[in-house]
Amino acid sequence: MDYIREGVVTSEEIHSLWDLSEGSAYPLTEKQRQDYLRDGFVVLPNFLTEGESQVLDKVVTHNLNELAFPDLLTKCSRKFHGEHYHSSVTHRFWQQPRISDMLSTLALDGDTAYMVTSEILEMPSGAACIPQWHWDFLTFPQNYNTSFTTGTQIWWSSEEVDGNIGGGLAFLPGSHRWANSVDENASLHPCFAMNLFDKMSSECTQLLDREMVIPSLSPTDIVIFSRFTLHRSVARNPSVPFKSTTGRRGYTLRVGSARSIFKQDTMECFPSHPSSNFQGQLKKGQRYDSVIDKETGLPSPSAIYRPMNVQDSEELMIQEGKGGRSMSTTTFLHYSAQSIIRQKIKWKFAKYVEDAVNGVTQRQLLDISCKAAPTPDVMASPENARDTTSQK
């Protein structure tokens, strides 16, 4: 996409996104870091200037208009996964020190941040996009029972959101330690749900609704939250509809660490995002930083997961329909079909049939549904942890 030729933004506006706050570091505080470690999320106010947020919204809106599709699985009006694999502007947007250094220090225990995938979700004024409580680790293509410091996310809202007017996200403080047994003070919680569509007990729902926090965000702010932090969408107060007639645009970047261990699907009933299907480039058990140029010893230019602490050259930018890292229509449709087959047929419909038959017969006659369980984790070994065979 040629954003300048199509009149989406000017050259000056594009470069303002690639050099936020003229290259200055975000003034991250120790309190913000401790809040993230304790709660699993933290708001970073004024991460963007008002002008930068307006330019970002122009690009996000254009990408949504050009690439998105009606959402059949949630109540979002439109969505698009894998967005930065199509957009050179937003790909470069994430590759700058103000973002990468902040994520490394705040959320990844000093490790290098790697772009996994990004998505745009548009939520109408009349309904919450995803009202169910859920963890996004379900769609991260990496080991499940690992530290919360191996994956994090950035979320930006095109409109003001808070606990009164709604329209944003609710988080459960401390829930990033509910889903693994690796981190200090972490253990599986009784309210832990393994599938996005599993219904929680009334006791758990009451606990979550009682303890939840709905951060206040403006379009100049971002919220950082762990891939293990429980969250859900919050419906907009009908007396304060979104300013945009199409709804609020939410923009998410999912980030892994260099030491993240790849496996294609985290859950049996929930396929990981489309980037996990790219060309079979990463094999299970390999680290995200394992695709190395054998001549330079640096991350290969063809690597699907991109380190965020370096900025790819113009020659490596993803062009429409070109380049090893662009996402083909076939790849995306394959992911979409897998989502529908696994979630709607193998899990939901099969479970309905299974429950009906077993209920009538009063015994376990059928066992046909996809189970809401993680796929087995894989171990990294010296011989498969790094791949130095990639070509330039």
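Details
Conditions (1) at pLDDT 85 or above; (2) in contact with a Ser or Thr (Cβ under 7 Å, 6 or more places away or on another chain); (3) β-branched (Val, Ile, Thr), marked per residue:
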| position | (1), (2), (3) |
| --- | --- |
| THR252 | yes, yes, yes |
| LYS263 | yes, yes, no |
| SER275 | no, yes, no |
| LYS283 | no, no, no |
| LYS294 | no, yes, no |
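- Only one of the numbered conditions (1) surrounded by fewer than 13 Cβ atoms within 10 Å (Cβ to Cβ); (2) in a loop (DSSP other than H, G, I, E, B); (3) hydrophobic (A, V, I, L, M, F, W, C); (4) modelled with pLDDT of 85 or more is violated by LEU366, and that is (1).
- Just one of the listed residues (LEU28, LEU72) is at pLDDT 95 or above and surrounded by fewer than 20 Cβ atoms within 10 Å (Cβ to Cβ), namely LEU28.
- Which listed residue is under 18 Å from THR245 (Cα atoms) and assigned to a loop (DSSP other than H, G, I, E, B), from LYS79, LYS75, LYS58: LYS75
- Matching residues in region 296-307 - criterion: being open to solvent by less than 40 Å² (accessible area, probe 1.4 Å) and modelled with pLDDT of 80 or more: TYR305, ARG306, PRO307
- Single residue of LEU188, LEU207 found to be part of a helix (DSSP H, G or I) and aliphatic (A, V, I, L, M): LEU207
- Within region 14-49, the set of residues being in contact with a strand residue (DSSP E or B) (Cβ under 7 Å, 6 or more places away or on another chain) and among the β-branched types (Val, Ile, Thr) comprises VAL42, VAL43.
- When the residues of region 204-234 are filtered to those that are touching a strand residue (DSSP E or B) at 6+ places or on another chain (Cβ under 7 Å) and open to solvent by 50 Å² or more (accessible area, probe 1.4 Å), the one that is nearest to ASP35 (Cα to Cα) is VAL213.
- Residue pairs whose Cβ atoms lie under 6 Å apart, sitting 6 or more positions apart in sequence or on different chains, and linking a residue in region 92-107 that is at pLDDT below 90 to a partner that is aromatic (Phe, Trp, Tyr) and in a helix (DSSP H, G or I), are ARG92/TRP18.
- Selected residue [over 27 Å from TRP178 (Cβ atoms), in contact (Cβ under 8 Å) with a residue 12 or more places away in the chain, assigned to a helix (DSSP H, G or I) and under 22 Å from the mean Cα position of the chain (by Cα)] from LEU64, LEU48: LEU64
- Selection status of PHE242, open to solvent by less than 10 Å² (accessible area, probe 1.4 Å) and either modelled with pLDDT of 95 or more or not in a strand (DSSP E or B) (or both): no
The values are calculated or read from the model by the stated rules, or taken from the named source; none is laboratory data. Since the model is a prediction, treat every value here as computed from it, not as a measurement. Because the Cβ atoms are built from the backbone with ideal geometry, glycine has one as well, and the counts that use them run over all protein chains shown. Just so you know, the surface numbers come from the protein's heavy atoms only, side chains and all, with ligands and any DNA or RNA stripped out. Shrake-Rupley method; radii C 1.70, N 1.55, O 1.52, S 1.80 Å.
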